[in-house]
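See below for the structure under consideration.
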Amino acid sequence: MRGSLVPLLITVGVFLAGTLACSLEFPHFASTLVLGDTLTDNAFLGVVAVGMTFVIISGGIDLSVGSVIAFTCVFLALAIQRHHVSPWLAFPAILAITAGYGAGMGALIHYFRIPPFITTLAGMFLARGLCFVLTTDSIPISHPLYQHLYLYAIDLPGRGKLSVIAMIMLAVVAVGMVIAHRTRFGANVYAMGGNRVSAEMMGVPVARTTIMIYMLSSGLAGLAGIVFSFYTSAGSSLAATGVELDTIAAVVIGGTLLSGGQGYVIGTFVGVLIQGLIQTYITFDGTLSSWWTKIAVGILLFGFIALQRGLAILSARGTRAVAA
Amino acid sequence: MQVPERKPLLSIEGLTKTYPGVRALDAVDLHLYAGEVHALLGENGAGKSTLIKVLTGLTGRDSGRFVLDGQEISPANVIQATALGIGTVYQEVNLLGNMSVADNLFLGRQPMRLGFVDKRRMRQQAAQIVAKYGLKIDVAAPLGQLSVAVQQIIAIARAVDLSARVLILDEPTASLDTQEVALLFDVMRQLRERGMAIVFVTHFLDQVYAISDRITVLRNGRRVAERLTRELPRIDLVQMMLGHELSETALHRHKPENEAGETLVRFEKYGKRRYMAPFDLSVRRGEIVGVAGLLGSGRTETAKLVFGIERAETGSGRGLVSIDGKPTHIRSPREAIRRGFGYCPEERKTEGIVGSLSVRENIILALQARRGWLRRMPRRQTDEIAARYIRMLDIRTPDAERAIQFLSGGNQQKALLARWLVTEPRFLILDEPTRGIDVGAHAEIIRLIERLCADGLSLLVISSELDEITAYADRVVILRDRAHVAELSGSDVTTSKIMTTIAA
Amino acid sequence: AEMVVGFAQVGSESGWRAAETKTAKLRAHQDKVNLRISDAQQKQENEIKAIRSFVAQGVDGILLAPVVATGWDSVLREARDAKVPVFLLDRQIDTSDPTLYTAAVTSDTVLEGHMIGDHLAKLTNNKCRIVELQGTVGSSPAINRKKGFEEAIAAHPDMKIVRSQSGDFTRSGGKTVMESFIKAEDGGKNICAVFAHNDDMGIGAIQAIKEAGLKPGKDILVVSIDGVPDMFKAMANGEANGTVELSPDMAGPALKALIALKSNGTEPQKWIKTPSTLYTPATAAAEYKRRAPLY
Amino acid sequence: MSATSARLTRLTNIPGSAQLAALAAVLLGNWLVFPGFFNIRMVDGRLFGSVIDVLNRGAPVVLLSLGMTLVIATGGIDLSVGAVMAISGAVAATLINAGTPLVLVVAAALGAGLLCGLWNGILVALLRIQPIVATLILMVAGRGIAQLITAGEIVTFDDRGLIALGTGALLAIPVPILIAAGTFALTTLLVRGTALGLFIEAVGANERASAYAGVSARVVKIAAYVWSGLCAAIAGIIAAADIQGADANNAGLWLELDAILAVVVGGTSLLGGRFSLPLAVAGAIIIQAMNTGILLSGLKPEFNLIVKAVVVMAVLLLQSVRRRD
Ligand SMILES: Nc1ncnc2c1ncn2[C@@H]1O[C@H](COP(=O)(O)OP(=O)(O)OP(=O)(O)O)[C@@H](O)[C@H]1O
Ligand SMILES: Nc1ncnc2c1ncn2[C@@H]1O[C@H](COP(=O)(O)OP(=O)(O)OP(=O)(O)O)[C@@H](O)[C@H]1O
Ligand SMILES: [Mg+2]
Ligand SMILES: [Mg+2]
């Protein structure tokens, strides 16, 4: 078996174990309702995490995604609600804007050699600041499209529903997998994460790829923003704070290495589900105070990661030892 | 071979390139002809790799021009160079360990189907290419799991596949053994027949005379001469490279009959499952033990076990070490170093140098680590040590504070050797110590090794150069398929005997 | 059987919020209600998830302290479809369909700002250069309290907000910003009063004023909103000049209404308004004693 | 190249010139938006003025950036420092209210920071969990632990000694400035007076090669995280003392980002390797000067983040252009 597939299998195993544990503890847990809800609730996270996966595989990081989501929501609310722009016009517009924003960050990263962490941190400040400048109000969106979106959900057996935004997320994951493993761009992303200098020597168009990676990430953050705006039917400049860290955690739990070069989009999807599972566990429990909630999130996060590391070490013993 | 004066395929004119503090290239001219192998020679730090990097657009230049087929070219990056038909293997293997062999071979030019990468076809084609070079490997496996030598071959395969008109090979044979070299030369000859111009950088003069048609010699960034190989005797070549004569004796030493001392270290049933079959090995004081074997036979593995990087399995009479007859254990490099061991790894870039630290810091690192973090060596002392070894090993660097990553490959290797020499080890393990080192320095290092052994240092030397091994080893351990299969000593230590034992 | 109620709480970002949670538990205990509290850590996503999971668990009612005013329509629709009554706590939501929730128990945050503005006008004879410590930019209490306060002083041409910055509702934020305001306004000489959007920032401001060698409550007046114990203490010491209490007991009325609805179908009032009361230094010491245990 | 421009190039090649230029530019900007920026006078036996505020308010970030520099130099990152500040503040506040002597209170708070650092170090160095996630765990849970200690309230105290650590003055200089300066000196001594600095740089630049040379990456990494935890604990005590209370929810909130920013502005690569403590301090002061400048400018708070983003990018672009010349 290929060595790098092991972390993925471990992640899936850890997720299944966690789900099983929850189902045993809570009677209502194992239902399509909870499944549908988990997919819907984490749809925006899933969308943005796919973009983040590419960034991290390339050896970078994107801290701006949360702010970009907020900016998207505020922009859509203003455009659709206040200025009566058709959503079908506003969506492509905001996707173009966010993608352009990412391209700008990518260009700064490549041409001025400013570390991605810092470039995107500034990007995070700027996007959030732009939200405030646009408006500090939170604006509901009452366009018919938003009102009736829930009608298009697909019924699952049982009480569950597969909502439109869950379908969007699943589609993004699928497309992300294809891009990662079946396109030249995908190969270039892995190459850059493996070793940027080598990749350049091997003829990877580093400038273009860098810009495209951050374009993809910001663009998907824009799409996640659209999803979030469907999810809440509103735009608020304080939305999605801290989402960048949730996203990074999901990607890393999904088996992607922050040092770059290794990872799977599908792993990220499982990572998102694990994040969702942790949250669902906590809401199902319902007895935790604010601080115990935080501690529990930390402990569960640690539990999943430690389990993963432990299994990885065990499986490494099984195969040929690769020098430390 | 008919080589009439004709128009060069690619000519480099007046190429100049300065780095802070160094003029790496100074008005260098070079002419490549179609259907020729052009050897680019010079000491460590002469500017060979720099010339290649500038030519392929990896770094900029101060002045000079390139003319390809009558057209002035100016590739700004590797992609453009490749588009012009120039394929390159750079000195340090620059492939992607995280990706599969097939990905590495086809990065940027994957076979496509319906707009998507056709992985099946890519693997098939990769398997064909790899088979051509005699490798039996899974092309879907990550490249990083393979040895440097295999990676080197993959890099060559990729460049050969890419280049249409010019192929540049910067020390491609450094980590290959005789068989692979022969294979590579076959490929180069085929390409030459097809009218390709090939640049070949090496420090092995035998190889220069075996394959090249024309020679350009660089010294200190200047071109000293461009000659047809058959018109340039070896002696003259060496003199051109070094700027002075090198006595023949320096190249071929007579091994003094070494008075074997007492056993210094002894390993018994030393091994690790799925890594290396248990072996017995003992080294006496002042003795040089050579390790020979084919690619992947487990030479590096032996070194890593002995140095404690990989932990040997112990228990029931297995995995015993004794030093000076006293049983002990070696579970980490730190323990090994504390017991007076040293190890110059084969993979210089990833396991040897600490790139962004200075030459001085790299030289004193192991000594300081052994002293511990509290007993810092005073700056003056480290300055002195660095200066002494830079002089002694003739490390070409503008100053000791230069980051080591900016040194030429051979000079990095010398600094690594210095790192261990300053610890005054009792037992030094050298994995391909002369890889990438020029003839002059090669002789220097061998002399140094001998002197150290005369003073009682024991050595375990891994080398693909059978000539080198036979030149100084008292004993040679032969490896095959990750097991020690034979040991030769005394008059048995000859190239032919080693070869037949390996092949047996 | 015991009634099960889910409470989607924002978090515990301030002392007031912690008190709200504490009183909710107290009231639930008194009313023999099994209260499940989900702490959203200030994230709307988490509150939405909590409501969904409450619905999935089939609770009898949901209390929601919305972190923002918008974005609840679809999840509340799901709750309504599942016939789970929802009570909003301490903040109204912005929706086109008021039938989505059963009732709202809130104070009037605009009114709070207005009241403290009027109070300050009275204290200063309608003449004052004011610096303002805003809450978190974009949060609705910050917006509404600012709005109410500005309405109140608009009537008085000599009352002006000369500087306004965000102190993020925190003590250290209030202190840092106030420190700079004092420097920027000629060592504090040009400042007549500071209006803080919450008491924590007000307390931070008091410290900054003291460190600048001025007397809070005299050289620079201090007014704020929330009514947390430390502010009563400060008023008792003469270091602050007024606060409008935002009652932390939001869950009590909501649970009462819910029980009435469940037991005999009494439709509750749509807006159960909790009182906003102005407190001044005169009664501060007594008030401090009275509410210390709640916090 | 003309003679003057050559001299200029030589000048700009001095390490730190970019940071000093940036600092000068930010200070100049502050002076432009607020002409009284450089005024200093005495109030209650203590220096008083905006410049002093910059240093005083900057002390926590300076402290965090000292530890963060070492962690980043090993190739890691420490997201938990803000939460560690909250924990140490909570420990200090609850203990002092329980009547514990000040020395023990400080020792306990520092001990808490040390334990946090040790935990991070173990996760990173022994369990080999990626630093961002490893410290993310404590970033999330740590604030919960702090709240657990304070029972979710702002624990106020009125012990004069503890308060003095945040607001007192010695020889007219505010105590936090002195503590930060002292910690800076101590850190410098720790890493440059011993070989630890070299080992940190070696491990950060090439962990494997350093290990083969006998440097114990584990010890070095754990030491860096422990030091980071300690520095964060000191910052936490100062922050609590400053507001005379432990605000578990907000103490040090998002300060880890400022600290990381300071280190990077100070020229240390996030990939590890070479580091500079003085320049990290300069970075922290640049950031604080910018924050103070925003407050003094009278700009609407809606614009704070935009100004911050623009200034940070400007500083880094300046550095980047320098580097490429
Ligand atoms: N990036 C760089 N920065 C500064 N100096 C450099 C850099 N790269 C190379 N040099 C210097 O340029 C000179 C030529 O180096 P180059 O690598 O071309 O030598 P080489 O002939 O390939 O030697 P070797 O046989 O050891 O590989 C050396 O003195 C080296 O120190
Ligand atoms: N010719 C080959 N075909 C297939 N795999 C190979 C070949 N040579 C080496 N390998 C693989 O490379 C890996 C590492 O080899 P290793 O470096 O240990 O060998 P070595 O004896 O030290 O030779 P070297 O001289 O290259 O250092 C092994 O996993 C081995 O399977
Ligand atoms: Mg070279
Ligand atoms: Mg080897």
What are the residues in the stretch B:113-161 that are more than 16 Å from ligand 2 (Cβ to nearest atom) and in contact with a Pro (Cβ under 8 Å, 6 or more places away or on another chain), if any?
B:Val117, B:Asp118, B:Arg121, B:Met122, B:Gln125
With the requirement that a residue be within 20 Å of B:Asn411 (Cβ to Cβ) and either more than 9 Å from chain D (Cβ to nearest Cβ) or open to solvent by 10 Å² or more (accessible area, probe 1.4 Å) (or both), what does the stretch B:329-343 give you?
B:Gly342
Residues (farther than 16 Å from A:Leu288 by Cβ and open to solvent by 10 Å² or more (accessible area, probe 1.4 Å)) located in the stretch C:14-44
C:Ser14, C:Gly15, C:Trp16, C:Leu26, C:Arg27, C:His29, C:Gln30, C:Asp31, C:Lys32, C:Val33, C:Gln44
Considering D:Ala241, D:Ala259, D:Ala246, which residue is more than 10 Å from chain A (Cβ to nearest Cβ), of a type in the set (Gly, Ala, Ser), open to solvent by less than 20 Å² (accessible area, probe 1.4 Å) and under 16 Å from the mean Cα position of the chain (by Cα)?
D:Ala259
I'd like the full set of residues that are part of a loop (DSSP other than H, G, I, E, B), more than 12 Å from chain B (Cβ to nearest Cβ) and at pLDDT 90 or above, limited to the stretch A:158-211.
A:Ser163
Using the structure shown, decide if C:Lys183 is in a helix (DSSP H, G or I), open to solvent by 10 Å² or more (accessible area, probe 1.4 Å) and free of Cβ contacts under 8 Å to residues at least 12 places away in the same chain.
yes
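Conditions tested, residue by residue: (1) open to solvent by 20 Å² or more (accessible area, probe 1.4 Å); (2) assigned to a helix (DSSP H, G or I); (3) within 25 Å of D:Leu23 (Cβ to Cβ).
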{"position": "D:Val219", "(1), (2), (3)": "yes, yes, no"}
{"position": "D:Leu253", "(1), (2), (3)": "yes, no, no"}
{"position": "D:Leu270", "(1), (2), (3)": "yes, no, yes"}
{"position": "D:Arg274", "(1), (2), (3)": "yes, no, yes"}
{"position": "D:Asn291", "(1), (2), (3)": "yes, yes, yes"}
{"position": "D:Val310", "(1), (2), (3)": "yes, yes, yes"}
Looking at B:Gln413, B:Gln381, which one is within 16 Å of ligand 2 (Cβ to nearest atom) and either more than 16 Å from B:Phe341 (Cβ to Cβ) or touching a helix residue (DSSP H, G or I) at 6+ places or on another chain (Cβ under 9 Å) (or both)?
B:Gln413
The one condition A:Trp88 fails out of (1) touching a residue at least 12 places away in the same chain (Cβ under 8 Å); (2) surrounded by fewer than 22 Cβ atoms within 10 Å (Cβ to Cβ) is (1)
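Just to verify a result, which residue in the stretch B:149-175, among those that are touching a Ser or Thr at 6+ places or on another chain (Cβ under 7 Å) and within 16 Å of ligand 1 (Cβ to nearest atom), is farthest from B:Val54 (Cα to Cα)?
Across the stretch B:149-175, the extreme among qualifying residues is B:Ser175.
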Filter result (closer than 12 Å to A:Val272 by Cα and in a helix (DSSP H, G or I)) within the stretch A:36-51:
A:Thr38, A:Leu39, A:Thr40, A:Asp41, A:Ala43, A:Phe44, A:Leu45, A:Gly46, A:Val47, A:Val48, A:Ala49, A:Val50
From the list C:Gly213, C:Gly265, C:Gly242, C:Gly202, which one is under 30 Å from D:Gly49 (Cα atoms), open to solvent by 40 Å² or more (accessible area, probe 1.4 Å) and either touching a strand residue (DSSP E or B) at 6+ places or on another chain (Cβ under 8 Å) or at pLDDT below 90 (or both)?
C:Gly213
Please verify whether D:Ile286 is modelled with pLDDT of 90 or more and more than 8 Å from chain A (Cβ to nearest Cβ), treating the condition exactly as stated.
yes
In the set C:Ala69, C:Ala56, C:Ala50, which member is touching a strand residue (DSSP E or B) at 6+ places or on another chain (Cβ under 7 Å) and either within 9 Å of chain A (Cβ to nearest Cβ) or open to solvent by less than 10 Å² (accessible area, probe 1.4 Å) (or both)?
C:Ala50
For the stretch B:10-45, which positions are modelled with pLDDT under 90 and outside any strand (DSSP E or B)?
B:Pro20, B:Gly21, B:Glu43, B:Asn44, B:Gly45
Where residues in the stretch A:91-121 are without any contact (Cβ under 8 Å) to a residue 40 or more places away in the chain and open to solvent by less than 20 Å² (accessible area, probe 1.4 Å), which of them is farthest from A:Gly242 (Cα to Cα)?
A:Ile114
Enumeration of residues in the stretch B:392-430 that are open to solvent by 20 Å² or more (accessible area, probe 1.4 Å), more than 9 Å from ligand 1 (Cβ to nearest atom) and under 22 Å from the mean Cα position of the chain (by Cα):
B:Met392, B:Asp394
Filtered residues of the stretch D:58-96 (kept if touching a Leu at 6+ places or on another chain (Cβ under 8 Å), open to solvent by 10 Å² or more (accessible area, probe 1.4 Å) and of a type outside the set (A, V, I, L, M)):
D:Pro60, D:Gly75
Kindly evaluate B:Glu351 against the criterion of being out of contact with any Pro (no Cβ under 6 Å at 6 or more places or on another chain), at pLDDT below 95 and acidic (Asp, Glu).
no
Does at least one position in the stretch D:108-116 carry a residue that is open to solvent by less than 10 Å² (accessible area, probe 1.4 Å), touching a helix residue (DSSP H, G or I) at 6+ places or on another chain (Cβ under 9 Å), within 13 Å of chain A (Cβ to nearest Cβ) and under 23 Å from A:Phe304 (Cβ atoms)?
no
Open to solvent by 20 Å² or more (accessible area, probe 1.4 Å) and part of a helix (DSSP H, G or I): does that describe D:Ile177?
yes
What is the number of the single condition among (1) small (Gly, Ala, Ser); (2) open to solvent by less than 10 Å² (accessible area, probe 1.4 Å); (3) more than 14 Å from chain C (Cβ to nearest Cβ) that A:Gly255 does not meet?
(2)
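The values are calculated or read from the model by the stated rules, or taken from the named source; none is laboratory data. What you see is a predicted model; the values in this text were computed from it and never measured. Because the Cβ atoms are built from the backbone with ideal geometry, glycine has one as well, and the counts that use them run over all protein chains shown. In case anyone asks, the SASA skips ligands and DNA or RNA and just uses the protein heavy atoms, side chains included. Shrake-Rupley method; radii C 1.70, N 1.55, O 1.52, S 1.80 Å.
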